[in-house]
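J.: For reference, the structure I am asking about is given below.
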Amino acid sequence: MDTGIITKTNLKAVIEDLMQRGEVVAPVRKDDYVLFASLPSAEAACLDYANSKLSPKGCFFPQAEVLFYYQKEGHKIFEPPNEVKPGYLLGIRPCDARAIALLDPIFDEPRYQDVYYLERRKSKVMIGLACTRPQSTCFCSSTGGSPSDTTGLDMLWQDLGDRYLVRPITDRGRELLAKLPHVEEAAAEDLAKASEQEQAVLAKLPPIFSAEEAFSRLSAAFDDPLWQRIYERCLGCATCAFVCPTCHCFDIQDENRCGQGRRVRLWDSCQFSLFTLHTSGHNPRPCGKERLRQRVMHKFNYFKVNNGQIACVGCGRCIRECPVNMDIRQIVSAYCLR
Amino acid sequence: MKIPKVAFFDFTSCEGCQVEIANFDQDLLKLLQVVEVVEFREIMKETCSEPLDIAFIEGSFSREKDRERLQKIRQRANLVVAYGSCAATGGINALKNHKPDYKYKVEVYGADATMPHLETQKALPISAAIPVDLAIPGCPVNRQEFVRLVSDLLHGKAPTIPNYPVCMECKKKENICRYELQDTCLGVVARAGCGALCPSNGIPCEACRGFVDNPNLDSLVELLIKTGMQPAYAMAKARMFTANLVEE
């Protein structure tokens, strides 16, 4: 079967089947927002959502992670208990899946393979959910993505109203499709409807700039006086970095007590003055202007130099959550329009 | 190892930080196993004039005649720790620094307002009078942080105080932003370390731990004005615990 159909009446049974096979991490409603969490029951899955408050990167790269425990006496090191459970990441949006694909070469490169990230990453089959209702802050089409982008996914579901179109992308996805219960072969009209819907959603997301354009314009923008004006509003709170699906900087700290302790890895951000503070007291990014510039330049310029692609996926979280309404689209556009 | 001698001193303050530490229950007893407290007005009557390993100083420096007492503490202490926002930045006392016609003394003390011990100057951090090795912010100090920092000092590790905003700790707890609830909050530029205690319990951050390094205060005041505050009120709000950090 190339493409399958799961009717919504069978959704509960399908998710229950997945839960039998392994841990299912999916969007779950909490208060008035949605977060990714390990499903306690099939009913808890919230597949009718715009996007999660925090990006699902935390499933593979947690906010705080114990790397190991140690004891000074006898120079002993203990591995933390392994909490990684094989299973499925269900309902991830294409922008966020693309973001995880961008993180892969950071944590898995010839010089260094990050076992903590890779073990989590390999443990989950990625089941995406195509976007059918983009938000006003969405701009994936400007960063090289699309509402039905399959990058980073093993399988993509698309909501067709009373049913999901199920498209396997990788061998892992095809294997899963063969195992899933209640899957029917997709009919020609399902495929036609899916394609029509895809075009309609894409039409709601006209590109504001292209990734290429943003890259080349920012290449000459380092000394531009415009940064000073853009920065005037920024509080440096780093909420943007915290909710960003591709921000991946971390700090490592030893929590030492009486000759024993643990080494912890924690999310960090280039928006903090401590991030670049040298032991000498010198800080190459002394002010918010340099720190804001770093974040934008890393996303749209430096990352492409290092990894071949820009590191913004257009999820719009930083725009939605910024307390002073900074808009990364406007910042990049300002340089594109110069 | 010789058990280090420590003493607690207070200057212009409510002594709430001392109370906070005295109320430490079990953890205070554990702390007492590794340090010898030789002076602590809130919990003991003994005093000490011997050399000290650590002097903990609470309160701000607001009377010139306190300088001599501070210098004497500095001379006999190996380390001086200014703890609590009053000692670290001048704290809430420094609000009076922005009042040219400071007449509350008469309102509060009436006929006694002219007593010599009430003669005060601007409220300044302890570091304005003597060199300070470590300043621990907080109104009051956070007990857990206090123990962690004392432990760092005893272990010879450089103590670290967060230099990122309360926003980080709030996001970590997945709290709904106060601004999304049509409220105000100083957590966007306030120094973290409290675990976002106030926003997590439904009230805005007042920045009692001061601000992060080089905060964007113009933008903060603009943001507060946007939530409906009058400009003068927004300015006053921004400097409640941080009067020495916010210019006129």
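J.: Which residues, taken from the stretch A:304-325, are touching a residue at least 60 places away in the same chain (Cβ under 8 Å) and in a helix (DSSP H, G or I)?
T.: A:304, A:307, A:317, A:318, A:319, A:320, A:321
J.: Give the residues of the stretch B:229-245 that are over 21 Å from residue B:136 (Cβ atoms) and buried (at least 16 other Cβ atoms within 10 Å of the Cβ), sorted by residue number. Even if it seems obvious, please write down each step before you answer.
T.: Here is the first cut: in the stretch B:229-245, the ones over 21 Å from residue B:136 (Cβ atoms) are B:229-238.
Of everything in the stretch B:229-245, those that are over 21 Å from residue B:136 (Cβ atoms) and buried (at least 16 other Cβ atoms within 10 Å of the Cβ) turn out to be B:229, B:234, B:235, B:236, B:237, B:238.
J.: To continue, here is another question. Of everything in the stretch A:34-67, what is loosely packed, with under 14 Cβ neighbours inside 10 Å, not in a loop (DSSP other than H, G, I, E, B) and not charged (D, E, K, R)? Give them in sequence order.
T.: Passing the criteria: only A:64.
J.: Please specify each residue of the stretch A:101-140 satisfying the condition of being among the aliphatic types (A, V, I, L, M), touching a strand residue (DSSP E or B) at 6+ places or on another chain (Cβ under 8 Å) and buried (at least 18 other Cβ atoms within 10 Å of the Cβ).
T.: Passing the criteria: A:125, A:126, A:127, A:129, A:130.
J.: To continue, here is another question. For residue A:288, are the conditions met, namely being in contact (Cβ under 8 Å) with a residue 40 or more places away in the chain, within 11 Å of chain B (Cβ to nearest Cβ) and over 28 Å from the mean Cα position of the chain (by Cα)?
T.: Considered against the rule, which asks whether it is in contact (Cβ under 8 Å) with a residue 40 or more places away in the chain, within 11 Å of chain B (Cβ to nearest Cβ) and over 28 Å from the mean Cα position of the chain (by Cα), residue A:288 comes out as no.
J.: Just the residues that are under 11 Å from residue B:76 (Cβ atoms) and surrounded by fewer than 18 Cβ atoms within 10 Å (Cβ to Cβ), please, taken from the stretch B:39-55.
T.: Scanning the stretch B:39-55 gives B:48, B:49, B:50, B:51.
J.: Return the pair list, or none, for Cβ contacts closer than 6 Å from residues in the stretch B:170-194 that are more than 19 Å from residue B:219 (Cα to Cα) and at the interface with another protein chain (Cβ under 10 Å from one of its Cβ atoms) to residues that are aromatic (Phe, Trp, Tyr) and assigned to a helix (DSSP H, G or I), at least 6 apart or on different chains.
T.: Going by the 6 Å Cβ cut-off, the qualifying pairs are B:171/A:242.
J.: Looking only at the stretch A:298-317, which residues are on the phi < 0 side of the Ramachandran plot, more than 12 Å from chain B (Cβ to nearest Cβ) and surrounded by 18 or more Cβ atoms within 10 Å (Cβ to Cβ)?
T.: A:298, A:299, A:300, A:301, A:303, A:304, A:309, A:310, A:311, A:312, A:313, A:315
J.: Still on this structure, please answer the following. Pull up the stretch A:170-193, narrow it to residues that are without any contact (Cβ under 8 Å) to a residue 40 or more places away in the chain and in a helix (DSSP H, G or I), then point me to the one that is surrounded by the fewest Cβ atoms within 10 Å (Cβ to Cβ).
T.: This residue is A:188.
J.: Within the stretch A:119-148, can you find the residues that are of a type in the set (Gly, Ala, Ser) and in contact with a helix residue (DSSP H, G or I) (Cβ under 7 Å, 6 or more places away or on another chain)? Show your work before the answer.
T.: If we filter the stretch A:119-148 for residues that are of a type in the set (Gly, Ala, Ser), which is where we start, we get A:123, A:128, A:130, A:136, A:141-142, A:144-146, A:148.
If the condition is that a residue be of a type in the set (Gly, Ala, Ser) and in contact with a helix residue (DSSP H, G or I) (Cβ under 7 Å, 6 or more places away or on another chain), then A:128, A:130, A:141, A:144, A:145, A:146, A:148 are the ones that fit.
J.: When the residues of the stretch B:1-42 are narrowed to those that are outside any loop (DSSP other than H, G, I, E, B) and acidic (Asp, Glu), which ends up modelled with the lowest pLDDT?
T.: The residue in question is B:27.
J.: Something else about it: Output the residue which, of all residues in the stretch A:218-251 that are out of contact with any helix residue (DSSP H, G or I) (no Cβ under 8 Å at 6 or more places or on another chain) and more than 27 Å from residue B:177 (Cα to Cα), is farthest from the other protein chains (Cβ to nearest Cβ).
T.: A:220
J.: Every residue in the stretch A:259-277 that is under 25 Å from residue B:155 (Cβ atoms), in contact with a Leu (Cβ under 9 Å, 6 or more places away or on another chain) and within 12 Å of another protein chain (Cβ to nearest Cβ), please.
T.: A:268
For (1) in a loop (DSSP other than H, G, I, E, B); (2) under 16 Å from residue A:57 (Cβ atoms); (3) without any contact (Cβ under 8 Å) to a residue 60 or more places away in the chain; (4) of a type in the set (D, E, K, R), each residue gets a yes or a no:
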| position | (1), (2), (3), (4) |
| --- | --- |
| A:224 | yes, no, no, yes |
| A:237 | yes, no, no, no |
| A:246 | yes, yes, no, no |
| A:261 | no, no, no, no |
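The values are calculated or read from the model by the stated rules, or taken from the named source; none is laboratory data. Just so you know, these numbers come straight off a predicted model, no measurement behind them. Glycine gets a Cβ as well: all are built from the backbone with ideal geometry, and neighbour counts include every protein chain shown.
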